[in-house]
Every structure is written in structure tokens, then in C-alpha cells.
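S.K.: The structure that follows is given in the form of C-alpha cells.
FYI, it's all coordinate maths here, none of it is from the lab. Note that the coordinates shown come from a computational prediction; the quantities given were computed from them, not determined experimentally. In this analysis, Cβ positions are derived from the backbone assuming ideal geometry, glycine residues included, and neighbour counts consider all displayed protein chains.
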């Protein structure tokens, strides 16, 4: 069992004929994902990946023909909001956006629109979702994770890989790993994912990987204290980052005192969450 | 991208927000000339991209053209929080009766645009927000509807604005909202918005920050970037799509992914070292990009050792290894380095490094420990 993606996922890849889209569509198939369609406007009627995946001109057509229930967006930043609106209007209930560098006001509008339709967005600037052995919707390398009972939620990409890999080396497995994205404003937050993991009978423990900036971790701490019964372990990146410096992710900036790692760590500790000193130390706390 | 005060005011003016008469200059002579044109009292303001200009003596009132010239000369010689002053704004003097705060920004927690307003604008607005948060009026805006007229009226009432000023305030708030939306600002604020003794409303000072990710659709705004106010290595890094921040320590770091890069810096500190920089090469970097990144680190005289940590996903470790070997072939004296490659094509990458006799590490912790040791041995 798992959250969000599994064997029933019927995946549509937006931007499937692009370099990234095509490469990762193949990787997702190798990770047992049911990739049913691709969309690239103007390329409808073609087949890609040795004739395994049909390409359509629009999401609507692709969804009607193939029954796709999840979409992944590999479209460049300036066209990505439109791709998300298109998937939403075609009635796709789960949209995962890998694209990084989307203007924040675009995402505020996208999210507001999707919220009204009850459609779930993961990302943007997300490495995606993996349920090892069942499905991978994103770019997380499949060989660094194995099936298990630990749920992982993260704002980061490669830092998440680091944690998954150290779990695997220690013989531990993952139920589902979700990268919610590193941007200032994203479609789904820690609380949304904590709620799903809490309800998933096969997730027994949860790892939360946060970083400086914003107050997502603090709000997650409040939610954990009130509504999560499963043990949670966390790592927060940026503990030594100097204030006022932007550290790459749009989200990772400390302004004044709010958003600092120490504030997040004390909030999480107060909610009973154990904090790892570094990413490889997470597994010792499980 | 943060704009200077004079640039922010140019935008205000474009969106119908009244600003004081004035001009930006870069010499004391020009400052005097502008003062002559304006006549009467003027204010000379340092244009630097840091807060606290006033408290540092970078904003001065002058009554005569001679005084203007003197102040201008002194301020142009100043450095404010480490930044040299290259430009001055010379504005007409304003008789302040009341100071208001008005700003639009994104609220991360609520994920909506928010208009902030206060009847107690001015230099101490942050203090007001801390001590008396109820004096900051927050109005959330539906991003698909935009700021509505009734919301602006509600704000006017909440900040006790006399009815005589409502009409002009509505125009200013509408203008600021349009600026925020059309320029893709992450912050557009007027502080203070002044009511003068002559009963005029003027944006005396302001700050606009533009979303870097949106600059592709704002060529005119992108040209406003003031490179002289930034660290040259950081400017160079941006050219290659690298994210680089100079820090105070001795261990140069090259990592893929912002979160992992921050975690790597944390681990160096935990092991007793000090990072010399944050450097994220991003996802899917090619050998050329890695070479450029390493070149930036190698040109930093503070660097005594280098730690390279790559977890290959989109990024291929053999590409990274090729970039490293490429950069090293260009330099004679090189600091010791530890390299850790995991993930996509790591085997091939490690072989390339072994052929070039470079030190590798297995785990992140081991890599950080080795780097700290090497840096300590190097001094």
C-alpha cells in the first residue's frame, strides 16, 4: 500500500517528446509505472519509446482515449502553468509538476484554480513521487529505494535521494516518497501529505525533510502534535545558513528570525518529532 | 531582483502613484544642478540595496545648493553595510503631516497575495508589526479576481484615512496592485505614503522586488539589475545558471541540489569546519557547467580544501567527473579535494577520478570529515 501513486496509476506525460520528458518516461516505465499516454501539441498520432506510448495533441484527447488518471508535467517554465490548467480542465485529479523556475504568481493563480476544482497538485520544482515496486511519477532514481513501511515527505530533491539511499543500505524500505517541491509556494504541503500517510495502513513511520524559509515545518509541527499518531523523524537543511542569503531554492531564504532552522527544529521537537543531525543520521532515529 | 528606490519610484509613477519631483545623479555637481532646478529644500538619498540607509547617514536634508553639493560628495564617499554608493536620488523636500504604510506581497503560509496597510508607516514599521501587530491590516486577495474596490475602501476605513483622501488612495492602491501583478513583483511597497501639510498624497520611499523566475517576460525590468551592487563571483555564477553564495570559511563546496548543498554545509560545520561558499550546480549539469563551477571555487583565495558532493539523478556522475578533470587541467596550484559521487553513472565517474588520482569518499559524513581535515592541514 502507499499514497497517491500505485499499480492503478495510469500516467500521462505532458512534454513527452522533450529531452527530459522522453528520458524520464522511459525510466518510469522501467520502474513498472503504467505510462499510458504522452501529450505534445502538434505531435499527436506519433508513438514514442519503441511504439509503446501514443502521443496526443491535447490532454483531453489523451485522457478520453487512455483513461489517464495522473499527469506529470515536464514542460518548460513559461508554458508549464498552461499545461497544468489543461490537465485540470481535462479532469485529471492528480498533477505532478517537475518543472522548476515557474514565476510564483503563476503558481498562486494555478493553485487557486485547482483548489476550486478539488484537484491535487504536487510541485512545482518537485522530484515527484515514488512508490517503490509499484509506480514512479517523477525523476527519483528507482534503484535507490525499495518497498517498505516508511513514508517520506521532502521539500528537496537530491537531499531526499540521500535519505532514501541510506535507508536502502540499512535494509529499510519506503511505502511512498513524495517531493512536495522547493519553491516558495507549492501545490501540496507537508500537512496534506502527513494526513495521507497517517491514513495509510502500510505506512508505520514518517520521515520529514525540511529546509529553511517559510513556516511550513512549523505548521506541520502543530498538525503532528494534534493529528499524527505515527512516529515522525525529521531533518532540516540550512541549519548553518547565514540570515538574508538566498540558498538556491526560491524557498530557502531566511528573513530575519522567521524561517530559521532552529525555529523549525524547536517547533518539531515540541511536537515529539526526533531531529537528525545530518541526512545519513535519520535512519538511526527510526 | 531588488530594485533601487529611484527605480521603484519610476515604476510607481508609471502606475499613476504620485512621487516627489526629483532625479537620480552620480556626482555632486549633478546633485547641485538638480537642487537648483527643484529650488528650495531637497533631500539627498544614497541608492544602495540595503536597509537602514537613513540610520547610516545616507539620507540627508539640505537647504541650499552648497549644502546639497557637500552632502552629495560625502554620501558618494560612503560605504553602507559594505556597499559603495554610486548613485544618489535628489528629491524635493516634503512637509510631512502623516505617514502611512502600503504594500503588496505573497503570503507563503496562506498562498495568496496580501495587501498590508498601516496608519503608522515610516522607518519603524517592522517595530510596529512586532509590538502592535493589530495595527497592520492584512487583506487577502483572490488571485483570479484581483484587488476589489470594496477591499480598498475597507483598508481606508481600517487605517482611519479621512474621507477626503479616499479617492486618491483608491487610485494609489489600484496602481500598486497593478504594478505587483504586471511586473511579477514579490514585494511592492510604499513606505511611507505621505500626506503632506499641503494635503497632497505622495510616495516618499518605496521598495520593489521582482521575481527572478519571471524576468524572462520582463526584459525592460531585467535591464534594471545593478550588477555593481553584487558579488562578482555570484554574477559570474548566474551566467552559467549556477547558484553561488560566498561565505566566510575555507572549504569550497560544489553540490547538486539546493537542499543537499545546505545539508552538506551543515555537516561541514558539524565536523568542525567552515564552508567557503554555497554552490548548487542544479539538475542535469553538463561537464562545461561543472568546469565553470569549479573555476569559480578555485579562484577564491580563501579556499583551502574542496568538497564535491554529487547525488546523480538527472545529473550524470561521469559528466561531473569529466568537468572536474577539465577544470583541474587548467590550473597549476590546486587545493586538496574530496569527491563523492553516488547515483547515475557513479562507477564510470569514479573510474575517471581514480585515473586522475583524486581522493574519493563513500558516505557524506566521511566526505565532510576528510574535507575538514584537509582544510586544517592546509593552513
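S.K.: Counting other C-beta atoms within 10 Å, which of B:166, A:47 has the fewest, and how do the rest follow? Could you put the intermediate results ahead of the total?
M.R.: Working: B:166 14, A:47 11.
Ordered from fewest to most neighbouring Cβ atoms within 10 Å, B:166, A:47 come out as A:47, B:166.
S.K.: With an 8 Å Cα cut-off and a minimum separation of 6 or more residues, compute the relative contact order for chain B in percent. Walk me through the numbers before you get to the answer.
M.R.: Values: 759 pairs, mean separation 48.4, N = 379.
13 percent.
S.K.: Could I ask something else about it? Hey, how many Å between the Cα centroid of the stretch A:213-239 and the Cα centroid of the stretch B:293-314?
M.R.: A separation of 32 Å, based on Cα centres.
S.K.: For the stretch A:1-63, just the Cα atoms, rotate onto the principal axes and tell me the three extents in Å, largest first.
M.R.: Cα spread of the stretch A:1-63 along its principal axes, largest to smallest: 38, 23, 18 Å.
S.K.: If you take each beta carbon of peptide B:109-119 and count the beta carbons of other chains within 10 angstrom, what is the mean? Provide the component values of the computation, followed by the final result.
M.R.: Details: counts 7, 2, 11, 4, 5, 0, 0, 0, 0, 0, 0.
Averaged over the peptide's residues, the number is 3.
S.K.: Could you work out Rg/(2.2 N^0.38 Å) for the stretch B:96-222, with Rg from alpha carbons only?
M.R.: Values: Rg = 14.4 Å, N = 127, 2.2 N^0.38 = 13.9 Å.
Compared with the compact-globule rule of thumb, the stretch B:96-222 sits at 1.04.
S.K.: With each pseudo-label sitting 7 Å past Cα toward Cβ, what's the residue A:149-residue B:154 distance in nm, one decimal?
M.R.: Between residue A:149 and residue B:154, the label points sit 4.9 nm apart.
S.K.: Students often check this: by mean Cβ neighbours within 10 Å, which of A:76-84, B:47-55 ranks highest, and how do the rest follow?
M.R.: Details: A:76-84: 19.8, B:47-55: 16.7.
Output ranking for A:76-84, B:47-55: A:76-84, B:47-55.
S.K.: Over the residues of the stretch A:27-77, compute the C-alpha Rg and express it relative to 2.2 N^0.38 Å. Before the final figure, lay out the partial values.
M.R.: On the way: Rg = 10.7 Å, N = 51, 2.2 N^0.38 = 9.8 Å.
Rg over 2.2 N^0.38 Å, computed on Cα atoms: 1.09.
S.K.: Further question on the same structure: Determine the relative contact order of the stretch A:29-177: mean sequence separation of Cα pairs under 8 Å and six or more apart, normalised by residue count, in whole percent. Don't skip to the end; give the middle numbers.
M.R.: On the way: 267 pairs, mean separation 26.4, N = 149.
Dividing the mean separation by the residue count of the stretch A:29-177 yields 18 percent.
S.K.: How big is the protein assembly as shown on each of its three principal axes, counting only the C-alpha atoms and giving the largest first in Å?
M.R.: The principal-axis extents, from largest down, are 76, 62, 52 Å.
S.K.: Given the stretch B:246-305, what whole percent of its Cα pairs are spread farther than 17 Å?
M.R.: Numbers: 621 of 1770 pairs.
Pairs farther apart than 17 Å: 35 percent.
S.K.: Classify the stretch A:113-214 from the C-alpha gyration tensor, please: rounded if a/c falls under 1.5, else prolate or oblate depending on whether a/b exceeds b/c. Working shown, then result.
M.R.: On the way: a/c = 1.74, a/b = 1.44, b/c = 1.20.
The shape class here is prolate.
S.K.: Using 1/(1 + (r/R0)^6) with R0 = 56 angstrom and r between the beta carbons of residue A:57 and residue B:328, what's the FRET efficiency to the nearest 0.05?
M.R.: Calculated value: 0.70.
S.K.: I'd like the antiparallel share, as a percent to the nearest 5, of DSSP beta bridges with both residues in chain B. Walk me through the numbers on the way to the answer.
M.R.: Details: 47 of 63 bridges.
The antiparallel fraction comes to roughly 75 percent.
S.K.: From other protein chains only, count the Cβ atoms within 10 Å of every residue's Cβ in A:17-24, then give the mean. Write out the running numbers ahead of the final one.
M.R.: On the way: counts 0, 0, 1, 3, 0, 0, 2, 2.
Taking the mean over all residues of the peptide, I get 1.
S.K.: If all Cα-Cα distances of chain A are sorted into 5 Å bins from 0 onward, what percent lands in each bin, rounded to whole numbers?
M.R.: Calculated over all Cα pairs of chain A, the distribution is 1, 6, 13, 17, 19, 16, 13, 8, 4, 2, 0, 0 percent.
S.K.: Please label the shape of the stretch B:192-283 as rounded, prolate or oblate, based on the square roots a ≥ b ≥ c of the eigenvalues of the alpha-carbon gyration tensor (a/c under 1.5 means rounded; beyond that, a/b larger than b/c means prolate, else oblate).
M.R.: Working: a/c = 3.15, a/b = 2.06, b/c = 1.53.
Judged from the Cα gyration tensor, the stretch B:192-283 comes out prolate (a/c at least 1.5, a/b above b/c).
S.K.: Let me ask something else. Hey, what D do you get for the stretch B:274-319 in µm²/s if you plug the Kirkwood alpha-carbon radius into Stokes-Einstein at 25 °C and 0.890 mPa s?
M.R.: On the way: Rh = 11.5 Å.
In µm²/s, the coefficient is 214.
S.K.: Something else now. If you project the alpha carbons of the stretch B:231-377 onto their three principal axes, what span does each projection cover, largest first, in Å?
M.R.: So the three principal-axis extents are 33, 32, 32 Å.
S.K.: Given the C-alpha atoms of the stretch B:21-92, compute the convex hull and give its volume per residue in Å³.
M.R.: Working: hull volume 4.9 nm³, N = 72.
Dividing the Cα hull volume of the stretch B:21-92 by its residues yields 68 Å³.
S.K.: Given the stretch A:145-285 reduced to its alpha-carbon atoms as identical point scatterers, what log10 I(q)/I(0) does the Debye formula return at q = 0.17, 0.19 Å⁻¹?
M.R.: Here the Debye-derived log intensity ratios amount to -0.86, -1.09.
S.K.: Mind checking the alpha-carbon convex hull of the stretch B:1-127 and giving the volume per residue in Å³? Show your work: numbers first, answer last.
M.R.: Working: hull volume 16.9 nm³, N = 127.
Convex hull volume per residue, Cα atoms: 133 Å³.
S.K.: Can you pull a Stokes-Einstein diffusion coefficient for the stretch B:67-139 at 25 °C (0.890 mPa s), Rh from Kirkwood over Cα pairs, as a whole number of µm²/s? Mind dumping the intermediate values first?
M.R.: Numbers: Rh = 15.5 Å.
In µm²/s, the coefficient is 159.
S.K.: Which angle from 0 to 90°, rounded to the nearest 10, does the C-alpha axis of helix A:190-199 make with the longest principal axis of chain A?
M.R.: It is inclined by approximately 90 degrees.
S.K.: From zero outward in steps of 10 Å, how is the percent of C-alpha pairs of the stretch A:11-122 spread across the bins?
M.R.: Answer for the stretch A:11-122: a P(r) of 15, 51, 29, 4 percent.
S.K.: Looking only at A:226, A:169, A:32, which one moves most when chain A is put into a Gaussian network model with springs between Cα atoms under 10 Å?
M.R.: Of A:226, A:169, A:32, the Gaussian network model singles out A:226 as fluctuating most.
S.K.: Then there is this: Nearest-5 percent of antiparallel DSSP beta bridges in the stretch A:1-72? Don't skip to the end; give the middle numbers.
M.R.: Numbers: 2 of 11 bridges.
So the antiparallel bridges in the stretch A:1-72 amount to around 20 percent.
S.K.: Another question about this same structure. Angle between the Cα long axis of helix A:216-227 and the longest principal axis of chain A, 0 to 90 degrees, nearest 10?
M.R.: The helix A:216-227 is inclined about 80 degrees to chain A.
S.K.: Between the stretch B:47-71 and the stretch B:323-352, how far is it from one alpha carbon centroid to the other, in angstrom?
M.R.: A separation of 51 Å, based on Cα centres.
S.K.: Report the rotationally averaged projected area of chain B based on its alpha-carbon convex hull, in square nanometres. Walk me through the intermediate numbers first.
M.R.: Working: hull surface 88.9 nm².
For chain B, the mean projected area of the Cα convex hull comes to 22.2 nm².
S.K.: If you take each beta carbon of peptide A:67-78 and count the beta carbons of other chains within 10 angstrom, what is the mean? Let's see the in-between values first.
M.R.: Numbers: counts 0, 0, 0, 0, 0, 0, 0, 0, 0, 1, 3, 4.
The per-residue average across the peptide is 1.
S.K.: Where both residues lie in the protein assembly as shown, what percent of DSSP beta bridges are antiparallel, nearest 5? Could the numbers behind the result be given before it?
M.R.: Values: 58 of 109 bridges.
That works out to approximately 55 percent antiparallel.
S.K.: Angle between the Cα long axis of helix A:80-89 and the longest principal axis of chain A, 0 to 90 degrees, nearest 10?
M.R.: 70
S.K.: Over chain A, what is the relative contact order in percent, taking alpha-carbon pairs closer than 8 angstrom and at least six residues apart? Please report the intermediate quantities before stating the final value.
M.R.: Numbers: 676 pairs, mean separation 41.8, N = 286.
With pairs under 8 Å counted, the relative contact order is 15 percent.
S.K.: Work out the P(r) tail for the stretch B:290-355: percent of alpha carbon pairs separated by more than 13 Å, whole number. If you can, show how the numbers build up before the last one.
M.R.: Working: 1314 of 2145 pairs.
For the stretch B:290-355, the share of Cα pairs beyond 13 Å comes to 61 percent.
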